[in-house]
Every structure is written in C-alpha cells, then in structure tokens.
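So the structure is just underneath, and the comments pick up after that.
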Amino acid sequence: MTEHLMKILIVGDGYVGKSSFVHRYVNGQFNSMYKMTMGVEFSVKVLHWSDKEKVRLHLWDIAGQERFISMTRIYYKGALGCVVMFDVTSSSSFLNCLYWKRDLDDKVMLPNGDSIPCILLANKCDLSQRVVSADSIEKFSKDNGFIAWMETSVKENKNIGEAMRILVKEILSVQ
Ligand code: GDP
C-alpha cells in the first residue's frame, strides 16, 4: 500500500464558505481540527484512492480572514495543491481570486517551476442572487492557469467530493 501525503490549501475571501467546505468534506472521516496560532484551521481526510493507494490530505484553511492579505511563506510551504474559493453572489470575492492565485504562485511552485495544481470553486450556487456569470468564470479560470473550475454548493453538498477528486488526480499526475 502506497500512502501519499498531500498538503492542500483552501484560500479565498472571508465568508465564501471555506470552513463549511472543509467541514462538509471531512464529515464522517477521521478529523482532527484545531486553531493554530497563526489563524489556520487544519483538518485531515484519508481517501482510499485505489487498491494500492491511500491519499492522506492535510487541509489548511485560513481562518478568520475578511479579505485578501498576503499570506506568509510558512503557510504555503510544501503545499501540493490549492482550492481558491469565491461566492457567486459576491463579485468582490470573485475579483480577489486573482490576488489569491498570484500570492500562491509567488510563494510555492513545483520542483520544475510550474505552479501547483489549483482548482477554482464557485460556491453558493444554490442561491438565486448570483452576480458572477459562468462565462466570466470560464475566462478567468483559463487566463490564470487553474486546472478547472466548478460550481459548488456546500449547503446542498454539490460537487464537493468531485472537485477534490479532480484536484487530487491532477496532483498525483504531476508528482
Ligand atoms: P469562510 O469564512 O470562507 O470559512 O466561510 P464559512 O464557511 O464560515 O461560511 C460563511 C457563510 O456562508 C456561513 O453562514 C455558511 O453557512 C454559508 N455558506 C457556506 N457555503 C454555502 C453554500 O454553498 N450555500 C449557501 N447558501 N450558504 C453557504
């Protein structure tokens, strides 16, 4: 049995649903969570990826952040993948994804210099008052080097596991 350990960052503006996403995703699994002094919540999820492979995810969720601030390098150190999340009812949370992605690419990269796999999640797609169109997300995702984007609803449990599987698959393929 091979076990892959992956540090994955969950970034995005405050209130977009990051903590809810992590709680939903790890629900029912072994989950240790505690507040770190630097304001990061850390959770663990184990995936039985195949007969021969296990994936242990260390999910780092920046907690209590209202808007974009550049994160310290310690937070990014050793990360193999990233989720950038925004709220489809908040255009500013969408615009700020640019800064989150740039900060990430400035501070962590693969040994060959490529950026680490990063998925863009358009959360709260259950809400009717959405202000960010699929076309603009598609363009933004392509222009900024995301591996994919997906609509999610943590509330309705839509695309949570799917999004993480896409990210993990990409991480395994670039290792
Ligand atoms: P964080 O600051 O990014 O960690 O955001 P939270 O996880 O604390 O979520 C902020 C608020 O959005 C909370 O009231 C959540 O219940 C709500 N929320 C999170 N995800 C969804 C979703 O998919 N749909 C809806 N309608 N509300 C959500």
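Could you grab me the full set of residues in the stretch 154-170 that are more than 12 Å from VAL83 (Cα to Cα) and buried (at least 20 other Cβ atoms within 10 Å of the Cβ)?
Correct list: VAL154 only.
May I ask you to list the residues in the stretch 110-144 that are closer than 22 Å to ILE171 by Cα and exposed (fewer than 14 other Cβ atoms within 10 Å of the Cβ)?
Answer for the stretch 110-144, where residues must be closer than 22 Å to ILE171 by Cα and exposed (fewer than 14 other Cβ atoms within 10 Å of the Cβ): LEU110, PRO111, ASN112, GLY113, ASP114, GLU138, LYS142, ASP143.
Is it true that some residue in the stretch 6-28 is away from the ligand (no atom under 14 Å from the Cβ), surrounded by fewer than 22 Cβ atoms within 10 Å (Cβ to Cβ), modelled with pLDDT of 95 or more and within 30 Å of VAL132 (Cα to Cα)? Show your work before the answer.
Filtering the stretch 6-28 down to residues away from the ligand (no atom under 14 Å from the Cβ) leaves 6-8, 28.
Narrowing the set further to residues that are surrounded by fewer than 22 Cβ atoms within 10 Å (Cβ to Cβ) leaves 6-7, 28.
From what is left, the residues that are modelled with pLDDT of 95 or more are 6-7.
If we keep only those that are within 30 Å of VAL132 (Cα to Cα) as well, we get 7.
The answer is yes; a qualifying residue exists.
Determine, yes or no, whether VAL83 is buried (at least 19 other Cβ atoms within 10 Å of the Cβ), over 15 Å from the mean Cα position of the chain (by Cα) and within 16 Å of the ligand (Cβ to nearest atom).
no
The values are calculated or read from the model by the stated rules, or taken from the named source; none is laboratory data. These numbers come from a predicted model, not from an experiment. Neighbour counts are summed over all protein chains in view; Cβ atoms, including those assigned to glycine, are modelled from backbone coordinates with ideal geometry.
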